[in-house]
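Worksheet: one structure, shown below.
The values are calculated or read from the model by the stated rules, or taken from the named source; none is laboratory data. In this text the structure is predicted, and so the values were computed from the model without any measurement. Cβ placement follows ideal geometry from the backbone for every residue including glycine, while neighbour counts extend to all protein chains displayed. Note: areas computed on protein heavy atoms with side chains; ligands, DNA, RNA excluded. Shrake-Rupley method; radii C 1.70, N 1.55, O 1.52, S 1.80 Å.
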Amino acid sequence: MIYTKKSPALVIIGILMFLWGWLNASGSIDGLQSALQKSAYSDHTKVNEKFQAELRFANEQAQTEGKPAPELKKPTSKFDKEKAFQTKFGYFFGSVFVLIGLFILTWKAKAGNLDYYISTVPGMALILLIAFVVRWGLDPMFANWGKDVQAAGILSWDFAKIFNLNYVVMGILAGIVIVNVIGIPAWAANGVRTARVFLKTGVILLGTLYSAAELAQLGFLSVVMIGIFVLGSVWLVLLMGRRMKCPNTMTGVLSAGLGVCGVSATVAASPVVQAKAGEIAYTIGTILLWGVGCMFIFPTVGHVLGMGPVQFGAWAGTGILNSAQVAGAALAFDPHGIETLKVAEIFNITRVLFLPIIVLWLAAWFVKHEESAVKVNLAEVLVAKFPLFVLGFIAMFALSSTGVFAPAGHYQGKYFSSAEVKEDKLLKPKEVRALEAELPKARNASETKAMQDLIANRKVMTREEGETLKSVAKIEGFDAVAAGAIANANKAATHDSKIIKNFRDWLAWLFSIGLIGLGMQITVASIKQAGGKPLIIGSVVGTLKAVGSLVVVLMFVKEFV
Amino acid sequence: MAINDQNAEMSMGGEPKGGPKFDRGHQLSIFVRDRNEDLTALLFAFLIAMSGLMFFG
Amino acid sequence: MLTANTILLAYHGTDGAKRAEALAYDIISSEEGGRIVHLLVVPEELWAGMQGDDWLNNASTRDTFGSYVEGMLEKDAAEQVAAVEAHCKQRGLAYTPILRVGDLADCLVAAARDQKVDLVVIGPPRSKKESGLRSRMELDTLGRGLPVPYVVASGE
């Protein structure tokens, strides 16, 4: 079978991306960009004004001294950086897609691996195009609307924020809308289906971002919570299924789907419990319906309750039936950081590690209750069902614990370094004087020492001293200028870890592309199959799980990361 | 049961005749099989990690 | 009374389809040369979405599931074909099965044209009380696309 479809679509997508890059580079869409990137643009204006003033001053000075006008380098603003980033992305992917697109148009496809892999490119390009539009267009547009509507007094709350209309949610929605309204074009079908590979890539790469202590804490929490809720719901479904006189095959597939990780568990367990076609359809429909619903409800509830990343990640990771929507909800809750995603994905991984166990349990249960059942081989199931990408995650974590990517302590994306404080970030004489005046207020030797070091070096010397100084600044009646100096000094000594920051950015892209691709797998035709006893059991178990895990999280889980 | 190749062919989406035949094992083709999905993900992740090291490490 | 030599019967083993089958035998001319063309469509839109948004599993697990579902649908189709073929044999009618993956109405229109049938017989839409997969025949597509009349079996 030939997978590659001859179509100019990829070339067109490539040209569009290239064009966007060029428009950004040439500055012809600055007006549009300044409306979209409001805060970055106001930063840009400030930077510009400051630069112009400095330039004027330097020129005047040069004139009075009779020297030629000096050349000053214009600093780059956030706005410039954003535009440069979009330009780079547009140029890179634009040219790659145009080249591959031209290859597709001229190449006579032969069945084989080259054909298969080439056929995935157009679909992935389509998803990337959607990701561009959503992230650079719709996301800022809705954020601006939400603020404007609130400012105009039409609503007393920011609808874009409360409904989490950010790039993640809108990307998934765009995927669902496209597949159900216009359908996936034939040239894109294979690539769209393959896009889930980016989610696996994302999770593997996520392994670089945990410290051992963090992973141990999260791992323990997730094993306890997932253990209770997965085993509890599997047991509950088996019980309800018997009571409601469902066939064993239906009860089996439902308990896996509703208990462990939704569609994935259904897919893994169906052949084992020999589920009938119709039963699979009901189960998948029910889970997709619940999953999509939860993805919208959870983040909103999380914001209303003021949950932190660990609490929300734990809740979403336990309470949402379908694993794809766990990642979606975590990113929807916190689209510009990945703290919540980090927590939620640990829960996802724990769930998928429970999957082989549950499959074995169901196999044993099915053999006991059904004469026609075929016995399964324990080792075979464990090996086949153990997810390879989790091994990748573990390997990546092990690799990063050796410190190749970033020294320990950089995993939060920020780290402390006194040596790297830049010259112009040292404390100003005025700030030093203010600190000297406040020196007698220190309450003990270590506080005195920390302040003396700060005054002598004009920067914070160690992380510990930084912490001590923070508490000094909180002393009642402490001078505001001195307190500001301490804050500035601490800020100057805290640096972004470049590599970790980049990993975080790339992760956000990988997940958003993967999630758009998954959104395109959710068809109304399959959701419509939700019904009958599976819908009843699903609603009961889904509600119990969502509410139960919320209560447990609110009562027992504290923020600790 | 006599379903021969000529009158009982299966084809995707109403394609003309000549699609996969019906009575030879699993030839009803609805789902496309993935090729090396997991290995590709591993490869991508390590490539990204390594390029991160190269450019920003 | 309406008669026809070659009837295209859409049959998927549901109650409605059984009524359609009975109606087809009523209508078909008892003289020689009667032929039933049995169309069985696996609704692609519905089944293609059945792997849903699974991504946690190894690709091999998903493939096992895919083969399992395809095998099951195939077995089910073979049973339907065997049943109708047996009934036709009893009545001395020629029998042609056509199996398709795709949209119900599109496949029906295509089959009616290919096989040069005289009449198409389909079952009624399932009553709301009955449970079953949700996938309906687009009657608009049928009405516009069919070169021959179609008859819908009664719902009662």
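Sort out which residues of region A:61-96 are under 36 Å from the mean Cα position of the chain (by Cα), outside any helix (DSSP H, G or I) and among the small types (Gly, Ala, Ser), and write them in order of number.
Once the filter is applied, which keeps residues that are under 36 Å from the mean Cα position of the chain (by Cα), outside any helix (DSSP H, G or I) and among the small types (Gly, Ala, Ser), region A:61-96 yields only A:Ser77.
Identify, by number, the condition in (1) open to solvent by 30 Å² or more (accessible area, probe 1.4 Å); (2) touching a Phe, Trp or Tyr at 6+ places or on another chain (Cβ under 7 Å) that A:Thr448 doesn't meet.
(2)
Where the second residue is of a type in the set (Lys, Arg) and open to solvent by 10 Å² or more (accessible area, probe 1.4 Å) and the first is farther than 16 Å from C:Arg91 by Cα and lies in region C:9-22, which pairs have Cβ atoms under 9 Å and are six or more apart or on separate chains?
C:Tyr11/C:Lys18; C:Thr14/C:Arg126; C:Asp15/C:Arg126; C:Gly16/C:Arg126
Whether any residue in region C:130-146 is crowded, with 17+ Cβ neighbours inside 10 Å, modelled with pLDDT of 85 or more and touching a Phe, Trp or Tyr at 6+ places or on another chain (Cβ under 7 Å) is what I want to check.
For region C:130-146, residues crowded, with 17+ Cβ neighbours inside 10 Å, modelled with pLDDT of 85 or more and touching a Phe, Trp or Tyr at 6+ places or on another chain (Cβ under 7 Å): present.
Can we say A:Ile297 is in a helix (DSSP H, G or I) and within 12 Å of chain C (Cβ to nearest Cβ)?
Against the criterion (in a helix (DSSP H, G or I) and within 12 Å of chain C (Cβ to nearest Cβ)), A:Ile297 does not qualify.
Within region C:65-74, can you find the residues that are farther than 15 Å from C:Leu99 by Cβ and surrounded by fewer than 19 Cβ atoms within 10 Å (Cβ to Cβ)?
Once the filter is applied, which keeps residues that are farther than 15 Å from C:Leu99 by Cβ and surrounded by fewer than 19 Cβ atoms within 10 Å (Cβ to Cβ), region C:65-74 yields only C:Ser67.
Please tell me if A:Glu214 is in contact (Cβ under 8 Å) with a residue 60 or more places away in the chain, of a type in the set (D, E, K, R) and surrounded by fewer than 24 Cβ atoms within 10 Å (Cβ to Cβ).
yes
Out of region C:75-97, which residues are buried (at least 22 other Cβ atoms within 10 Å of the Cβ) and within 7 Å of chain B (Cβ to nearest Cβ)?
C:Val81, C:Pro97
Yes or no: region A:144-159 includes at least one residue that is open to solvent by 60 Å² or more (accessible area, probe 1.4 Å), modelled with pLDDT of 90 or more, touching a helix residue (DSSP H, G or I) at 6+ places or on another chain (Cβ under 7 Å) and away from chain B (no Cβ under 14 Å).
yes
Residues checked against (1) within 30 Å of B:Val32 (Cβ to Cβ); (2) open to solvent by 50 Å² or more (accessible area, probe 1.4 Å); (3) not charged (D, E, K, R):
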| site | (1), (2), (3) |
| --- | --- |
| A:Pro8 | yes, yes, yes |
| A:Val11 | yes, no, yes |
| A:Met17 | yes, no, yes |
| A:Gly31 | no, yes, yes |
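Could you check how many residues of region A:525-540 are assigned to a helix (DSSP H, G or I) and open to solvent by 70 Å² or more (accessible area, probe 1.4 Å)?
2
Exactly one of (1) open to solvent by 40 Å² or more (accessible area, probe 1.4 Å); (2) in a helix (DSSP H, G or I); (3) outside the structural domain of A:Ile287 (by TED's automatic domain parsing); (4) without any contact (Cβ under 8 Å) to a residue 12 or more places away in the chain is unmet by A:Thr543. Its number?
(3)
Scanning region A:286-341 for residues that are hydroxyl-bearing (Ser, Thr, Tyr) and closer than 24 Å to A:Val540 by Cα, which turns out most open to solvent (accessible area, probe 1.4 Å)?
A:Thr300
Of all residues in region C:35-46 being hydrophobic (A, V, I, L, M, F, W, C) and more than 8 Å from chain A (Cβ to nearest Cβ), which is farthest from A:Ile513 (Cα to Cα)?
The selected residue is C:Ile36.
Please give the number of the condition A:Ile537 fails out of (1) within 14 Å of another protein chain (Cβ to nearest Cβ); (2) touching a helix residue (DSSP H, G or I) at 6+ places or on another chain (Cβ under 6 Å).
The one condition A:Ile537 does not meet is (1).
Filter region A:382-416 down to the residues that are among the hydrophobic types (A, V, I, L, M, F, W, C) and open to solvent by less than 20 Å² (accessible area, probe 1.4 Å), then identify the one that is farthest from A:Ala268 (Cα to Cα).
Residue satisfying both the conditions and the ranking: A:Ala406.
Listed here are the residues, each with its yes/no results for (1) closer than 19 Å to A:Leu209 by Cα; (2) in contact (Cβ under 8 Å) with a residue 12 or more places away in the chain; (3) within 14 Å of another protein chain (Cβ to nearest Cβ).
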residue	(1), (2), (3)
A:Val367	no, no, no
A:Val376	no, yes, yes
A:Pro407	yes, no, yes
A:Lys422	no, yes, no
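What is the number of the single condition among (1) at negative phi; (2) touching a residue at least 24 places away in the same chain (Cβ under 8 Å) that A:Ser270 does not meet?
(2)
Which ones in region A:256-289 are farther than 13 Å from A:Phe354 by Cα and among the small types (Gly, Ala, Ser)?
Within region A:256-289, A:Ser270, A:Ala275, A:Ala277, A:Gly278, A:Ala281, A:Gly285 meet the criteria.
Residue by residue, here is whether (1) within 14 Å of chain C (Cβ to nearest Cβ); (2) free of Cβ contacts under 8 Å to residues at least 24 places away in the same chain holds:
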| residue | (1), (2) |
| --- | --- |
| A:Thr266 | yes, yes |
| A:Thr283 | yes, no |
| A:Val292 | yes, no |
| A:Pro309 | no, no |
| A:Phe312 | no, no |
| A:Ala316 | no, no |
| A:Leu321 | yes, no |
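Here is a list: A:Val197, A:Val177, A:Val168, A:Val181. Which entry is surrounded by 24 or more Cβ atoms within 10 Å (Cβ to Cβ), more than 25 Å from A:Ser34 (Cβ to Cβ) and among the aliphatic types (A, V, I, L, M)?
Result: A:Val197 is the single residue among A:Val197, A:Val177, A:Val168, A:Val181 that is surrounded by 24 or more Cβ atoms within 10 Å (Cβ to Cβ), more than 25 Å from A:Ser34 (Cβ to Cβ) and among the aliphatic types (A, V, I, L, M).
Of the conditions (1) under 15 Å from A:Gly519 (Cβ atoms); (2) in contact (Cβ under 8 Å) with a residue 40 or more places away in the chain; (3) within 14 Å of chain B (Cβ to nearest Cβ); (4) not polar (S, T, N, Q), A:Gly207 clears all except one; give me its number.
(1)
How many of the residues in region A:435-465 are within 43 Å of the chain's Cα centre (by Cα) and in contact (Cβ under 8 Å) with a residue 40 or more places away in the chain?
6
Just for region A:217-227: of the residues that are touching a residue at least 40 places away in the same chain (Cβ under 8 Å) and open to solvent by 60 Å² or more (accessible area, probe 1.4 Å), which one is farthest from the chain's Cα centre (by Cα)?
Filtering region A:217-227 for residues that are touching a residue at least 40 places away in the same chain (Cβ under 8 Å) and open to solvent by 60 Å² or more (accessible area, probe 1.4 Å), the one farthest from the chain's Cα centre (by Cα) comes out as A:Val223.
Taking chain B, which residues are modelled with pLDDT of 50 or more and among the small types (Gly, Ala, Ser)?
B:Ser29, B:Ala41, B:Ala45, B:Ala49, B:Ser51, B:Gly52, B:Gly57
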